[in-house]
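Take a look at the structure below.
The values are calculated or read from the model by the stated rules, or taken from the named source; none is laboratory data. For clarity, every value in this text was computed on a predicted model and none was experimentally measured. Note that each Cβ is placed from the backbone with ideal geometry, even for glycine, and that neighbours are counted across all protein chains shown. In case anyone asks, the SASA skips ligands and DNA or RNA and just uses the protein heavy atoms, side chains included. Shrake-Rupley method; radii C 1.70, N 1.55, O 1.52, S 1.80 Å.
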Amino acid sequence: ELKVEQNPLFLSMQEGKNYTIYCNYSTTSDRLYWYRQDPGKSLESLFVLLSNGAVKQEGRLMASLDTKARLSTLHITAAVHDLSATYFCAVDEETSGSRLTFGEGTQLTVNP
Amino acid sequence: EPEVTQTPSHQVTQMGQEVILRCVPISNHLYFYWYRQILGQKVEFLVSFYNNEISEKSEIFDDQFSVERPDGSNFTLKIRSTKLEDSAMYFCASSEDRQYSPLHFGNGTRLTVT
């Protein structure tokens, strides 16, 4: 059974600071996705990482994938309040190709 | 930008009743999914659907659940006899392909079983 673990689960940070969210998974996969969810809202796709060494950046967020270590990171640079949300990583198992297993989510709060 | 739409946004039902949750996926997408999220917990896969049949389903998706694409635009999830533990947010999603595109999620239907 594929396990996807994120840490930290709760992150409170000040505006302007940098931080990294980690996503570990337990089986081989080269397809990993990051989503953002605002309270009571849907899941918004942030990044699609499809190969070892993939790095994607959008604004203050940068995601990377190391398939050998089975690890993805979501790095936040100079956080702003608007980034407050819950961030999920999700892994697509190689054998299925159509089923995402989500991590528990990291609830990020950026304080002014 | 095209989006996945779900109706209703909130459904309250009594235990044992049947519910149908409706979704209109993005029009050129070929793969359709249902996920659910129990309050405060992680998102769980229920079922994927392609070419008018189920391509994969999880252990949660038992005989009480069924999916259908009754016409060219709608995609429905039916729960035949709801239980209290079916209370959750149900998300429909669609994607262009199976492997390389992200899933686009709808805004969800909050199902409350009393």
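None of A:93, A:58, A:15 is within 14 Å of chain B (Cβ to nearest Cβ) and surrounded by fewer than 17 Cβ atoms within 10 Å (Cβ to Cβ) except A:58. Is it the case that some residue within the stretch B:26-35 is assigned to a loop (DSSP other than H, G, I, E, B), in contact with a Leu (Cβ under 9 Å, 6 or more places away or on another chain) and either over 20 Å from residue A:42 (Cβ atoms) or open to solvent by 10 Å² or more (accessible area, probe 1.4 Å) (or both)? No, because not a single residue in the stretch B:26-35 is assigned to a loop (DSSP other than H, G, I, E, B), in contact with a Leu (Cβ under 9 Å, 6 or more places away or on another chain) and either over 20 Å from residue A:42 (Cβ atoms) or open to solvent by 10 Å² or more (accessible area, probe 1.4 Å) (or both). From A:2, A:65, A:46, A:11, grab the single residue that is assigned to a loop (DSSP other than H, G, I, E, B) and of a type in the set (A, V, I, L, M). Just one listed residue meets the conditions, A:2.
Those residues that are in a loop (DSSP other than H, G, I, E, B) and either away from chain A (no Cβ under 14 Å) or open to solvent by 60 Å² or more (accessible area, probe 1.4 Å) (or both), I need them from the stretch B:4-25; list them, please. Answer for the stretch B:4-25, where residues must be in a loop (DSSP other than H, G, I, E, B) and either away from chain A (no Cβ under 14 Å) or open to solvent by 60 Å² or more (accessible area, probe 1.4 Å) (or both): B:8, B:9, B:14, B:15, B:16, B:17, B:18.
Across the stretch A:42-53, the number of residues qualifying as within 27 Å of residue B:106 (Cβ to Cβ) and either out of contact with any strand residue (DSSP E or B) (no Cβ under 7 Å at 6 or more places or on another chain) or free of Cβ contacts under 8 Å to residues at least 40 places away in the same chain (or both) comes to 7. Looking across the stretch B:71-114 at every residue that is of a type in the set (Gly, Ala, Ser), without any contact (Cβ under 8 Å) to a residue 60 or more places away in the chain and open to solvent by 10 Å² or more (accessible area, probe 1.4 Å), the one that is farthest from the other protein chains (Cβ to nearest Cβ) is identified as B:72.
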